[in-house]
Amino acid sequence: MPPRADQQPEHDTWLTDLREAHQEHFGVPPQSIARVPGSWPLIGEHSDPFGGISLHVLCDADTRLSLSPTRTAQLRIRWEEADAPALHIDADINTLVQSLQEGSEDHQPGTDDEELASLLALTMSSLHQRQMLSRSVHGADILIRSTIPHQAGLGLLSSIHVAFALAATCSEEGVDVPTRARLADVLAHSAAVIAPARPALSRLHALLRAQDSGHGVVDHADGAVTRSPSILTPGTQAWLVRPAPAGAAPAPTEEVRASLAQRFALAQRAAHDFGTAHLRLLPHAPTRVPEWLAAYRHVHGLEGQPSPDEAATWLGFWEAETQRAAKLNSALHAQHHSTAWTLINDSARALRENYGLSTPDAALAQLCLRAGAVAARPVLAGLSTACIAYTTPSSPVETPEVLSTLSAHGLDVLELHEGHPSSVTVLSPRQVSAEGD
């Protein structure tokens, strides 16, 4: 079971520090505090639109968020990070939601603070519509402290998103498993509006529902989130590898974003027309969907539509990636780690050669393999500038030599460690501040 609110040790120093900082900045104590880890996918995140299987690792870098609800439709956010000035955001929720509803199809992600404000505003509106948040709560004062690096693919905004949802909806009894599953779907819908190219569904489910140690295995076919043993056995290390200085690599292109958004839209539209929750549940989908698309193009025209051949290629990748993820889960349970490394590398190659994401992060993963890593895969293929590389004591190339080679290529290398599942604490009885400033 995920940690209940009353299981969070309130005497922790960080909890006390955050509570006092919130009181000092906003003039009222927080009513809840959430702690959510960063994460990275081992495999399968790009099969989300197909309804596939993915495995996610929770890392020790995390987000800690305190929240006090208000009766004014404002988001007042203070976002603190180490070695950077605090960021202040003051946004009108109704204005943001209206602009998204009027032009969401044309919305493009802007800066992190703009994306965050839009994401939280839309989420609050959705929680009201789903009756998961009291109508007396119109806005919130929020303090964020995060150690998750920007633009690294480790889910900074996703962790803040989840922490906000947990803090906003938590009761003194905690947030139960069915509610966490519903929250994941609400958050995924909001995330898809803000960033339609980013596969977020499985990551959100893993952040909200993963248990204990090991990796969260998300299977969209039955909605289950289970646990697999960790791939990071003693001596095995995971490394975040990206250009130095951070952010020096070119950002993902709009062409890549548009292409990924088109794939997601195709999967959603086809599943709707076939009357199934996911294309994975549709028998003979790799054959039937291209045939359906040909008929759809005949009726609706070609503009903005992929070709049936492109659709067949994407479906082939989604199906194969789902099978790889299932095999990886089995290999980890059986402690067949050499098989696991092969599957991760096969996934990286398929993303590059079959799914068309031959982007700079794919080249970076190949460089890591040449340097001696046992496996390497883009953190979020096509949408990040980084990759995750793995080293083991039994590798022919010793870890220090691998790191030296990568550093010589001007790369920034950061070791990643496993973290703990999300938790949330209610600090005071539910009451809504009438203060708006």
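Throughout, read-outs are computed from the coordinates displayed, never taken from laboratory work. Predicted model only: the values in this text are computed from it and were never measured. Every residue, glycine among them, receives a Cβ derived from its backbone with ideal geometry; neighbour counts consider all protein chains shown.
Points 7 angstrom from Cα along the Cβ direction at Ser99 and Ser134: gap in nanometres?
Label at Ser99, label at Ser134, 3.0 nm between them.
Compare the Cα positions of Gln323, Leu351, Ala340 along the charge dipole of the stretch 318-368 (+1 at Cβ of Lys, Arg; -1 at Cβ of Asp, Glu; about the Cα centre) and return the one farthest towards the positive end.
Ala340
Explain nothing, just the number: dipole magnitude of the stretch 237-416 about its Cα centre with +1 on each Lys and Arg Cβ and -1 on each Asp and Glu Cβ, in debye rounded to the nearest 20.
Values: 13 positive and 16 negative charges, 57 e Å.
With only Lys, Arg, Asp and Glu charged at Cβ, the dipole is about 280 debye.
Between (1) 59, 56, 39; (2) 74, 60, 48; (3) 75, 46, 33, which entry matches Cα extents along the principal axes in Å as derived from the coordinates of this structure?
(1)
Could you grab the relative contact order for the stretch 112-245? Cα pairs under 8 Å, six or more apart, rounded to a whole percent.
Reported relative contact order: 19 percent.
Consider a paramagnetic label point 7 Å from the Cα of Ala244 along Cα→Cβ; state which residues of the stretch 393-413 have an amide N under 12 Å from it.
So the set is 403-413.
So what's the gap between the Cα centers of the stretch 226-297 and the stretch 41-120, to the nearest angstrom?
20
By average Cβ neighbour count within 10 Å, what is the ranking of 139-152, 33-46 from highest down?
Values: 139-152: 21.4, 33-46: 27.6.
Put in order of decreasing packing, that is 33-46, 139-152.
Could I have the simple spin-label model distance between Asp12 and Asp222, label points 7 Å from Cα toward Cβ, reported in nm to one decimal?
It works out to 3.2 nm between the two label points.
Take the alpha carbon gyration tensor of the stretch 237-416, find the square roots of its eigenvalues, order them as a ≥ b ≥ c, and report rounded if a/c is under 1.5; if not, report prolate when a/b exceeds b/c, else oblate.
Oblate.
If you average the sequence gap of Cα pairs under 8 Å that are 6 or more apart and divide by the length of the chain, what percent do you get for the contact order?
Numbers: 879 pairs, mean separation 115.4, N = 437.
Result for the chain is 26 percent.
Roughly how many nanometres apart are two label points built 7 Å out from the Cα toward the Cβ at Asn354 and Ser394?
2.6
Relative to the Cα centre, what is the charge dipole magnitude of the chain, using +1 at the beta carbon of each Lys and Arg, -1 at the beta carbon of each Asp and Glu, and rounding to the nearest 20 debye?
Around 980 debye, computed over the chain.
How big is the C-alpha Rg of the stretch 257-305 next to the rule-of-thumb value 2.2 N^0.38 Å, as a ratio? Please report the intermediate quantities before stating the final value.
Numbers: Rg = 10.8 Å, N = 49, 2.2 N^0.38 = 9.7 Å.
Dividing the Cα Rg of the stretch 257-305 by 2.2 N^0.38 Å gives 1.12.
P(r) tail for the stretch 57-139, what percent of Cα pairs lie past 16 Å?
On the way: 2014 of 3403 pairs.
Summing the P(r) of the stretch 57-139 above 16 Å gives 59 percent of all pairs.
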